[in-house]
Amino acid sequence: MNSLSIQENVPLAPLTTLKVGGPARRFVEAATEQEIVDAISLAEALDVPVFILGGGSNIVVSDSGFDGLVSKIAIKGIEFNNVRDGKVRCIAGAGENWDDLVAECVSRNLAGVECLSGIPGLVGGTPIQNVGAYGQDVSETIVAVRCFDRRSGEILTISTEECEFSYRKSRFNSRDIDRFVVLSVEYELTENGEPKLTYSDLKEHFGRQIPTLAKVREAVLAIRRSKSMVIDDKDVNSQSAGSFFKNPILSKEKFAVLAASNADIPSFPAGDDSMKVPAAWLIERSGITKGTRLGKAGTSTNHSLAIVNFGGASANDILTVKDEIQRRVREKFGIELDPEPIFIGF
């Protein structure tokens, strides 16, 4: 534990994509599994809360910061192993940049994550949120997650089934929230496999042709850039936490009631008895259009699902926009929008 380099009052805003929030009372960067274990042991010895920070792309830090220990994951390393029947296993450290890993997989012509290009953050965050986009979820390729169990003090390997994946959900962000720290993730990819083309924008883009994985990656990145969903210092709209709300999943009965008075509502099947409705459509139909501003924060001019810090916004400014969007959608449609980001220090 003595090897840990503890810093004090470290600003957290620069370590997040929203660029809001106060400092961490104590801060450590953990580059090994043992350093993660030691950081958590230190927090327990000090009797202070601990927060595990990844890429900072899916969090909102309070203006008062975090009065505990923040441990930033920095575990690196990527390993590819041939299995059989054209399957390749990739094991990546939780501190690896996610999009860099996707690029590496695509360059090796390994199918399974190509539609997840351009998503900011680190590998360790992908199983927690069951990251997904453009018709592909990371749970389709994850075979195992190596974790530190804070309850038992052991390092465990958790199988896909044990992760309990569903839409933007896993045991890590639901029933076992804050119990496990992801150390590395193992993915199974398909060598020379065909890309997944189920998302309408991608289908329209390619028509009847079957593109290479590299072409799909290019197309996904282009679509994301058009919506300011790729981090770009020159694009203020990308100063966000990505999609701020989950797409609501409604029972078919509730959806039928909604569709009766909103014939043009888009929807997608989400299991036998449920329908998924785009949160962006609900937001815009509730009267909050792209580029709506409330002070220094508001919705992206390119994507109504993203709440943006247009410069100098506080965490409270972000919450004001969040609350207003939720209120409008609740009053218009009777639906409660569920935020995607994690709220720290509130």
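Here's a check for you: in the range 1-55, which residue that is more than 29 Å from Asn237 (Cα to Cα) and charged (D, E, K, R) is nearest to the chain's Cα centre (by Cα)?
Glu33
Considering every residue within the range 183-191, establish whether at least one is more than 21 Å from the chain's Cα centre (by Cα) and in contact (Cβ under 8 Å) with a residue 12 or more places away in the chain.
yes
Please specify each residue of the range 239-272 satisfying the condition of being part of a loop (DSSP other than H, G, I, E, B) and in contact with a strand residue (DSSP E or B) (Cβ under 6 Å, 6 or more places away or on another chain).
Gln239, Phe244, Asn247, Ser267, Ala270
Identify the residue in the range 204-233 that is free of Cβ contacts under 8 Å to residues at least 40 places away in the same chain, under 21 Å from Leu305 (Cβ atoms) and surrounded by fewer than 20 Cβ atoms within 10 Å (Cβ to Cβ) and, among all such residues, is nearest to the chain's Cα centre (by Cα).
Residue satisfying both the conditions and the ranking: Asp232.
Based on what the data block shows, is Asn316 modelled with pLDDT of 95 or more, out of contact with any Leu (no Cβ under 8 Å at 6 or more places or on another chain) and outside any strand (DSSP E or B)?
Yes: the conditions hold for Asn316.
Would you be able to tell me the number of residues in the range 234-265 that are hydroxyl-bearing (Ser, Thr, Tyr) and either closer than 25 Å to Glu114 by Cβ or within 19 Å of the chain's Cα centre (by Cα) (or both)?
Going through the range 234-265 one residue at a time, the tally reaches 3.
So Ser267 fits all but one of (1) surrounded by fewer than 18 Cβ atoms within 10 Å (Cβ to Cβ); (2) modelled with pLDDT under 95; (3) closer than 24 Å to Pro23 by Cα; what number is the exception?
With (1) surrounded by fewer than 18 Cβ atoms within 10 Å (Cβ to Cβ); (2) modelled with pLDDT under 95; (3) closer than 24 Å to Pro23 by Cα applied to Ser267, the lone miss is (3).
Kindly indicate whether any position in the range 139-161 is at pLDDT 95 or above and under 27 Å from Arg208 (Cβ atoms).
Yes.
Would you check which residues across the range 83-114 are assigned to a helix (DSSP H, G or I) and acidic (Asp, Glu) and list them?
Correct list: Asp99, Asp100, Glu104, Glu114.
Tell me whether the range 168-175 contains one or more residues that are crowded, with 21+ Cβ neighbours inside 10 Å, touching a Gly at 6+ places or on another chain (Cβ under 9 Å) and assigned to a loop (DSSP other than H, G, I, E, B).
The answer is no; no qualifying residue exists.
Would you pick out the residues in the range 121-130 that are buried (at least 22 other Cβ atoms within 10 Å of the Cβ) and either free of Cβ contacts under 8 Å to residues at least 60 places away in the same chain or in contact with a Phe, Trp or Tyr (Cβ under 8 Å, 6 or more places away or on another chain) (or both)?
Of everything in the range 121-130, those that are buried (at least 22 other Cβ atoms within 10 Å of the Cβ) and either free of Cβ contacts under 8 Å to residues at least 60 places away in the same chain or in contact with a Phe, Trp or Tyr (Cβ under 8 Å, 6 or more places away or on another chain) (or both) turn out to be Gly121, Leu122, Val123, Gly125, Thr126, Pro127, Ile128.
Given the criterion part of a strand (DSSP E or B) and surrounded by fewer than 19 Cβ atoms within 10 Å (Cβ to Cβ), identify the matching residue among Thr198, Thr190.
Among Thr198, Thr190, only Thr190 is part of a strand (DSSP E or B) and surrounded by fewer than 19 Cβ atoms within 10 Å (Cβ to Cβ).
Condition first: farther than 19 Å from Leu12 by Cα and either within 20 Å of the chain's Cα centre (by Cα) or not charged (D, E, K, R) (or both). Now tell me which residues in the range 56-83 satisfy that.
Ile75, Lys76, Gly77, Ile78, Phe80, Asn81, Asn82, Val83
From (1) touching a Phe, Trp or Tyr at 6+ places or on another chain (Cβ under 8 Å); (2) hydroxyl-bearing (Ser, Thr, Tyr); (3) under 26 Å from Leu15 (Cβ atoms), pick out the condition that doesn't hold for Ser117.
Exception for Ser117: condition (1).
What pairs can you find where one residue is in the range 25-54 and more than 16 Å from Ser152 (Cα to Cα), the other is of a type in the set (Phe, Trp, Tyr) and buried (at least 20 other Cβ atoms within 10 Å of the Cβ), and their Cβ atoms are less than 6 Å apart, with a gap of 6+ or different chains?
Cβ pairs passing all conditions: Phe51/Phe66.
The values are calculated or read from the model by the stated rules, or taken from the named source; none is laboratory data. Remember, predicted model here, so these are calculated numbers, not experimental data. Please note: Cβ atoms are built from the backbone with ideal geometry, for glycine as well, and neighbour counts cover all protein chains shown.
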